[in-house]
Structures are given as C-alpha cells and as structure tokens.
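Reviewing the structure listed below.
The values are calculated or read from the model by the stated rules, or taken from the named source; none is laboratory data. The model shown is predicted, which means the values in this text are computed figures rather than measured ones. Note that each Cβ is placed from the backbone with ideal geometry, even for glycine, and that neighbours are counted across all protein chains shown.
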Amino acid sequence: MTNPLLDNPTLPPFSAIQAEHVEPAIDSLIQQCRENLSAVVAQAQTQGVCWENLITPLEEQDDRLSKAWSPVGHLNAVMNSDALRDAYTSSIAKLTAYGTEVGQNKPLCEAYQALADSEQFAQLSEPQRTSVEHALRDFRLAGVDLPEAEKQTYSDLKQRLSELNTRFSNNVLDATQGWYKRLESAEELAGLPDNALALARQAADEKSESGYVITLDIPSYLAVMMHADNRQLREEIYTAYGTRASDQGPTAGQWDNAPLIDEILSVRHQLAQLLGFDNYAERSLATKMAESCDQVEAFLLELAEKSKPAAQVDYDELKAFAKSRDGVEDFQAWDQAYYSEKLKQQKYAISQEELRPYFPAETVVEGMFELVARLFGIRIRQQTADVWHQDARFYEIEQNGEVIARFYLDMYARANKRGGAWMDECRVRRQGPEGLQLPVAYLTCNFTPAVGDKPALLTHDEVVTLFHEFGHGLHHMLTKISTAAVSGINGVAWDAVELPSQFLENWCWEKSVIPMISGHFESGEPLPETLLNNLLAAKNFQSAMQMLRQIEFSLFDFRLHRNYNPGSPRPVQVVLDEIRKEIAVAIPPAFNRFQNSFSHIFAGGYAAGYYSYKWAEVLSSDAFARFEEEGIFNVETGRSFLKEILEMGGSKDAMELFKNFRGREPNTEALLRHSGIV
C-alpha cells in the first residue's frame with residue numbers, strides 16, 4: 001500500500017491521508033533521518049565540513065519529515081477525530097524524542113562548530129551564517145553539553161512535556177465540544193440578532209435537537225454574552241465557558257487541566273534548571289528580543305500604570321450605565337460584554353451586528369488582497385487544490401508575473417475544529433537540490449459561517465482577526481530567504497513575530513481602506529458615512545480595559561514561570577488572583593478558571609512569552625506610524641516594509657531590521673496614541 005505522506009509532493013494530498021498512514025510514515029522517515037544523520041556526521045569527521053556536505057543534506061531530510069508531519073498536525077487541529085488524535089499523539093512523542101536526540105548529538109554540534117570556525121564561514125551568505133549561529137545556540141538549549149545521565153533526564157522531561165501539552169489541548173477541545181444548551185423558543189434568546197438565532201437553529205439541526213442550541217464555540221458564545229437580554233442565561237453560558245476543563249462548572253472534573261498545569265510548570269522548571277537557568281522565564285528569553293526578566297516586567301508594569309486610570313474610568317462608566325439603564329446593582333462578569341455593547345450603541349450608535357451585513361466574507365477577503373497588492377506589489381488568485389473541507393480555499397501569490405507563494409484559508413467555526421485563529425507553515429521557502437521550494441501557509445480562523453441562504457457575514461472584530469492572521473501569512477510567504485532555518489517566520493525572535501500581524505490590523509481602521517473591504521451583502525452599498533464615522537469613533541472604546549486584560553495575562557504567564565518554587569509551588573489560582581488585584585479593574589468571579597483553557601501558554605509556543613503580543617504591538621504601532629507620516633498607500637514605504645521586514649525572515653536580528661525600516665529604535669508613544677490612552 002502506498003503511503004501518501006511519503007510521496008513528498010508540492011502540496012499535501014489531503015483527501016488521501018488517513019489516520020492509519022501517520023505512524024508508519026513518521027516511523028519510516030525518522031529511521032531514514034537517523035541513518036542519513038549518521039552518514040553526514042561520519043563524513044564530517046573524516047573529510048571535514050562545508051555547507052554542502054553538512055547543512056544541505058540535513059535541511060533536505062528535515063524538510064521531508066516536515067512535509068509529512070505538517071498536514072497531520074493541521075488535520076488534527078481542523079478535522080479532529082479519535083483515530084487521528086491517537087495517531088497524532090503517538091507520533092508527536094516519537095518526533096519529540098527524535099528532536100531531542102538531534103539537539104543533543106555532540107558530534108553533530110561539533111560539526112556545526114567546525115563549520116563556524118572554518119574559512120568558508122566568512123564566504124557564506126548572512127542568512128546561512130545566522131542559521132549556523134542559531135543552530136549552535138539551540139544545541140546548547142537542547143542540553144548538548146550535559147552529562148549523559150542528565151541528557152537522558154532532559155529527554156524524558158521533553159517527552160513528558162509534549163504529552164502534557166497535547167493532553168491540555170485535547171481537554172480544551174473536548175470540554176468546548178462537550179457541553180451545549182438547548183432552548184425551546186426564540187423568546188428565551190431575546191436580544192440575539194437574526195444571524196445568531198439562525199446559527200443557534202442550525203446548531204440544533206446539526207445535533208438532531210429541536211428548538212435552538214447554544215454551544216461554547218466562539219461565534220455562539222459571544223452572541224449570547226453580547227446580546228442575550230436574559231441575564232440568567234448569560235450567567236449560565238459564562239459559567240460553562242469560563243470553567244471549561246476545570247474542577248468547576250457544569251462539566252466539573254471531566255476534563256480538568258489543573259493537574260496538567262501543575263506538572264507542566266514543574267517540568268519546564270526542571271528543564272530550565274538542567275540548562276543552567278534559574279527559571280523557565282530566563283530560558284524563554286534566550287531566544288527573544290527582550291534582554292532580561294526585569295526588563296519584561298518593567299515594560300508590562302509601565303504599560304499598566306499608563307493604562308489603569310483610563311481603564312478604571314471606563315469600568316466605572318460601564319457599571320453606572322448598567323445601573324441607570326436596568327437598575328443593576330451587583331454588576332457581574334456576565335454583564336460586561338452585554339452592557340459594553342449597549343453602551344457602545346448609545347455613545348456611538350454602532351454595534352458589531354449592525355456592521356455585519358456590510359462585511360461579507362468574500363468582499364473582505366477580496367479587499368484585503370487588493371490592499372496588500374497596492375502595498376507590496378503582489379497579486380493573489382484563487383486556484384483549485386485538494387483540501388480537507390469544503391470551506392477551505394486555496395490561493396497563489398504572484399509577484400512580477402511569477403508565483404512566489406501559496407496558501408490555504410479556512411475561515412469558519414465547525415465541530416471538531418480547534419478554537420481560535422492561527423497561521424501555520426505548510427511548506428517553507430528553501431533552495432533544494434531540485435530548485436527553489438515555494439512557501440505555503442495555512443490560515444485558520446473560527447468565524448460565524450454562512451447561515452441559511454445568507455453568505456458568511458463578518459463582524460468588524462472578525463475582520464481585524466483575519467487581517468492579523470494574514471499578516472503572519474505574509475511574513476511566512478513573502479520572504480526572500482532561501483535558507484530554511486531563517487526563512488519566513490523561522491528564526492524570528494518570538495517577541496517580534498507578531499509585528500507583521502499586528503501591523504496589518506491598522507488598515508482595518510483606515511477611512512480610505514474600509515470601502516475596499518466592505519459593501520452590503522445584498523445591495524453592494526458602501527458602509528454609510530454615519531456608520532463609518534461611528535465605527536472609527538468607537539475604535540478605542542474600552543481600549544484601556546483591553547490593554548489591562550492583555551497585561552494581566554502577560555504578567556500571569558511571566559511570573560508563573562519566573563517565580564516558580566519547586567519546593568513549595570504557589571497555587572496557580574493564587575498567582576492569578578494577586579496579579580488581578582494589582583492590575584485589573586474588573587475581577588472575575590471566584591469560580592472562573594480562565595487558566596485551564598489558556599492554550600497559548602500551556603499547549604502553544606507562548607510559555608513565558610505571552611508578553612510578546614504587547615512587545616510586538618509597540619513595534620507594529622511605531623512601524624505603522626511611518627505610514628501615517630508618509631501616506632498609508634505610499635508605495636515606497638510599503639516596499640520598504642516588504643524589503644526590511646517581510647522579506648528578511650529571521651536572517652537578521654529583529655531590532656536591526658526594525659531600525660532599518662524605522663530609522664531608529666521603537667518607542668511606546670504610537671501604541672498609546674493608537675489606543676487612545678495618550
């Protein structure tokens with residue numbers, strides 16, 4: 001039987017991939033990689049090293065393995081099933097073990113060092129030299145210099161951490177899918193817009209239920225929290241969502257992530273200490289722009305200090321509004337989104353639902369493509385390809401008449417699809433023996449799908465999310481670097497990786513851009529001037545509260561890892577409560593277990609790095625400020641951002657690239673101004 005994961009095609013053959021293909025393919029490829037690695041190291045030891053006999057064959061084998069694994073990881077996230085989950089879990093364990101084995105391969109590290117010390121090194125391109133320097137750093141961070149017994153301990157810990165991350169993610173998905181509420185009549189959902197009611201009706205049909213069904217998928221959850229007049233219903237849905245994968249709420253104990261969190265923190269701390277770091281936060285910063293733990297905390301606390309007074313004013317106004325409008329004396333967490341939406345309507349005569357008809361998904365996507373065409377001189381066209389679901393689309397990017405990249409776009413929420421929005425790598429740009437391999441990206445969101453005979457209509461918030469992920473995609477796809485380790489997003493400092501994504505969001509708020517990405521789904525009429533002005537006026541509505549919320553998450557993540565004490569670990573809830581007391585203006589109820597579904601830090605790459613969102617937002621706001629100064633469609637400025645940031649990947653230090661574009665170091669002024677805080 002042929003295995004489609006071993007064919008190494010240009011694009012993944014999604015329709016042919018079955019769960020039973022996964023383990024045999026990964027087993028076979030890992031074995032081939034081990035044999036090839038041994039041969040490469042032996043040759044380096046006997047014949048000396050050069051780029052061609054060391055890096056080229058290793059990059060080739062890594063690419064083959066990556067091309068087999070990429071569609072598996074993607075399918076596990078967007079078309080999850082029991083069989084695929086089992087195959088994924090088993091294979092990720094093997095891949096983790098293999099990755100640690102390579103990272104701790106002393107002869108291989110010595111071969112890299114020999115290349116770095118050789119006369120040829122100076123003749124290599126800057127991206128090639130950077131990739132070697134990064135590799136030497138990563139060998140150290142993988143424990144290459146540890147004694148054998150400690151190497152084994154490190155390997156065992158890495159293996160365990162991988163298992164825990166996967167289980168955490170699975171628990172969040174299962175807890176999200178494992179609860180829903182059926183309602184008999186539309187009256188019980190009074191206040192919900194027609195679109196949300198139709199979605200609830202559709203969800204009931206999908207679950208073979210009568211009436212209406214509310215799920216914990218974001219489009220359904222947010223519709224209730226923002227619009228349901230029934231306060232008791234909001235409380236019930238808030239409780240179910242805020243206690244997912246925990247010891248509280250309607251599914252208490254069923255998928256509880258609390259024990260996993262405790263063990264994840266312990267394992268990370270042990271890993272960091274094995275490598276000579278005091279804590280995991282220090283280990284995290286070894287590959288980031290930020291220079292010290294103190295610098296990160298000072299940065300976050302400075303932002304908090306500047307934001308908190310404005311946030312307190314916003315929150316007091318919200319509570320006063322709820323009291324004057326409906327006599328709410330005991331303002332609660334499940335009232336916040338509802339009254340925020342009502343207050344925004346009163347102050348700015350605008351609501352996300354009112355905007356939805358003007359942002360048909362197709363129009364938004366086409367307008368976004370037109371915008372980046374003007375900024376960066378590219379052209380995007382839809383093409384046919386083998387995809388995993390009928391919602392997924394496939395596109396090619398052309399520059400000067402040549403195809404330079406490709407991507408998949410999967411925008412809508414559905415069952416068995418992980419929540420959130422993300423960009424991931426399908427293929428990396430690299431120069432291989434058979435020529436240039438073009439980059440391919442996956443762009444995934446969880447927007448409200450088409451309902452009934454209406455097309456998919458986006459809120460403006462969803463438009464901003466789409467632009468964010470597309471910014472990540474452009475960073476991966478517009479790279480001109482052909483050395484895999486520093487091509488696209490690879491090798492980019494994690495606290496700079498959000499720069500292009502947050503940068504692109506700015507155009508969603510530009511008066512001259514909104515007509516490009518909007519038009520009524522029935523008439524094509526542009527967003528009326530009044531609505532447009534109201535949308536822009538409401539841009540910074542409660543922005544200080546949102547800023548504080550992100551700082552709260554960032555500080556929680558950072559202190560959790562920085563201050564971890566293995567002798568007597570402080571309860572995670574206590575750490576979070578203390579930070580809320582220090583930072584927050586709105587304190588969630590005691591039963592809230594936000595941390596139990598905080599996948600970014602417990603199942604993703606943001607451990608002791610969630611601050612990166614704010615760090616990079618300083619960079620992105622300051623970068624956009626140059627467009628404000630020179631013209632937001634200024635072709636030269638657009639090409640400068642393309643050349644200095646997007647094309648360069650991880651080939652140079654992130655601060656150097658930023659200074660090349662901006663002409664100076666970044667400052668926080670633009671971020672605070674764009675947020676309406678200064």
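Points worth noting:
- Complete set of residues in the range 128-183 that are among the aromatic types (Phe, Trp, Tyr) and either part of a helix (DSSP H, G or I) or in contact with a helix residue (DSSP H, G or I) (Cβ under 7 Å, 6 or more places away or on another chain) (or both): Phe139, Tyr154, Phe168, Trp179
- Selection within the range 466-493 - part of a helix (DSSP H, G or I) and over 17 Å from Met423 (Cβ atoms): Ala484, Ala485, Val486
- The range 593-615, subset buried (at least 21 other Cβ atoms within 10 Å of the Cβ) and of a type in the set (S, T, N, Q), residue nearest to the chain's Cα centre (by Cα): Ser612
- Considering Ser651, Ser620, the condition of being of a type outside the set (A, V, I, L, M) and either in a helix (DSSP H, G or I) or assigned by TED's automatic domain parsing to the domain that holds Ala281 (or both) is satisfied by Ser620 alone.
- With respect to the stated conditions, Thr251 fails to be modelled with pLDDT of 95 or more, part of a helix (DSSP H, G or I) and closer than 28 Å to Arg85 by Cβ.
- If you go through the range 661-678 and pick out every residue that is over 18 Å from Glu498 (Cα atoms), at pLDDT 95 or above and assigned to a helix (DSSP H, G or I), you end up with 0.
- Within the range 276-302, residues that are closer than 14 Å to Ala496 by Cα reach partners that are part of a loop (DSSP other than H, G, I, E, B) with beta carbons closer than 6 Å, at six or more positions or on different chains, in the pairs Ser284/Ala608; Ser284/Gly609; Lys288/Ala493; Met289/Ala493; Val296/Ala290; Val296/Tyr611.
- Any hit, the range 617-627, residues being among the aromatic types (Phe, Trp, Tyr) and in contact with a Leu (Cβ under 8 Å, 6 or more places away or on another chain): no
- Whenever a residue of the range 614-632 is of a type in the set (Asp, Glu), its partners that are part of a loop (DSSP other than H, G, I, E, B) and surrounded by fewer than 24 Cβ atoms within 10 Å (Cβ to Cβ), lying with C-beta atoms within less than 6 angstrom and at least six residues away or across chains, give the pairs Asp622/Pro666.
- Among the residues of the range 339-350, not a single one is closer than 25 Å to Pro439 by Cβ, surrounded by 15 or more Cβ atoms within 10 Å (Cβ to Cβ) and not polar (S, T, N, Q).
- Between Val41, Val22, the distinction of being in contact (Cβ under 8 Å) with a residue 24 or more places away in the chain, of a type outside the set (Asp, Glu) and over 30 Å from Arg406 (Cβ atoms) belongs to Val41 only.
- Boolean, Leu75 is surrounded by 17 or more Cβ atoms within 10 Å (Cβ to Cβ), in contact with a Leu (Cβ under 7 Å, 6 or more places away or on another chain) and at negative phi: yes
- Pairs, first free of Cβ contacts under 8 Å to residues at least 60 places away in the same chain in the range 556-585, second loosely packed, with under 15 Cβ neighbours inside 10 Å, C-beta under 7 Å, six or more apart: Arg580/Ile587
- Each residue in the range 309-338 was checked for being farther than 16 Å from Pro588 by Cα and touching a helix residue (DSSP H, G or I) at 6+ places or on another chain (Cβ under 6 Å), and 5 pass.
- Residue ID - surrounded by the most Cβ atoms within 10 Å (Cβ to Cβ), chosen from residues in the range 524-582 that are among the aliphatic types (A, V, I, L, M) and in a loop (DSSP other than H, G, I, E, B): Leu527
- When the test is whether a residue is surrounded by fewer than 16 Cβ atoms within 10 Å (Cβ to Cβ), under 25 Å from Ala603 (Cα atoms), at pLDDT 95 or above and in contact with a Lys or Arg (Cβ under 9 Å, 6 or more places away or on another chain), Thr89 passes it.
- Count of residues meeting criterion [out of contact with any strand residue (DSSP E or B) (no Cβ under 9 Å at 6 or more places or on another chain) and in a helix (DSSP H, G or I)] in the range 202-225: 2
- Selection status of Ala361, over 24 Å from Ile632 (Cα atoms), of a type in the set (Gly, Ala, Ser) and at pLDDT 95 or above: no
- Residue in the range 358-374 that is in contact with a helix residue (DSSP H, G or I) (Cβ under 8 Å, 6 or more places away or on another chain), basic (Lys, Arg) and farther than 17 Å from Thr448 by Cβ present: yes
- Scope the range 41-61; condition among the small types (Gly, Ala, Ser), surrounded by fewer than 17 Cβ atoms within 10 Å (Cβ to Cβ) and part of a helix (DSSP H, G or I); matching residues: Ala42
- Restricting attention to the range 433-451, the residues being in a strand (DSSP E or B) and farther than 27 Å from Val463 by Cβ number 3.
- The range 1-40 - residue that is under 30 Å from Tyr112 (Cβ atoms), over 29 Å from the mean Cα position of the chain (by Cα) and of a type in the set (A, V, I, L, M, F, W, C) and, of those, surrounded by the fewest Cβ atoms within 10 Å (Cβ to Cβ): Ala39
- One residue from Leu671, Leu642 being under 22 Å from the mean Cα position of the chain (by Cα), more than 30 Å from Ala135 (Cβ to Cβ) and aliphatic (A, V, I, L, M): Leu671
- Cβ-Cβ distances below 6 Å connect the following pairs, each with a first residue in the range 639-656 that is of a type in the set (A, V, I, L, M), a second residue that is outside any loop (DSSP other than H, G, I, E, B) and at pLDDT 95 or above, and a separation of six or more residues or different chains: Leu642/Phe376; Ile645/Leu657; Ile645/Phe661; Leu646/Leu474; Leu646/His475; Met648/Leu657; Ala654/Ala496.
- All told, Asn592 falls short of being assigned by TED's automatic domain parsing to the domain that holds Asp262, more than 24 Å from Ala405 (Cα to Cα) and either outside any loop (DSSP other than H, G, I, E, B) or in contact with a Lys or Arg (Cβ under 7 Å, 6 or more places away or on another chain) (or both).
- Candidates in the range 425-454 are the residues that are in contact (Cβ under 8 Å) with a residue 60 or more places away in the chain and exposed (fewer than 15 other Cβ atoms within 10 Å of the Cβ); of these, the one that is farthest from Ala413 (Cα to Cα) is Pro433.
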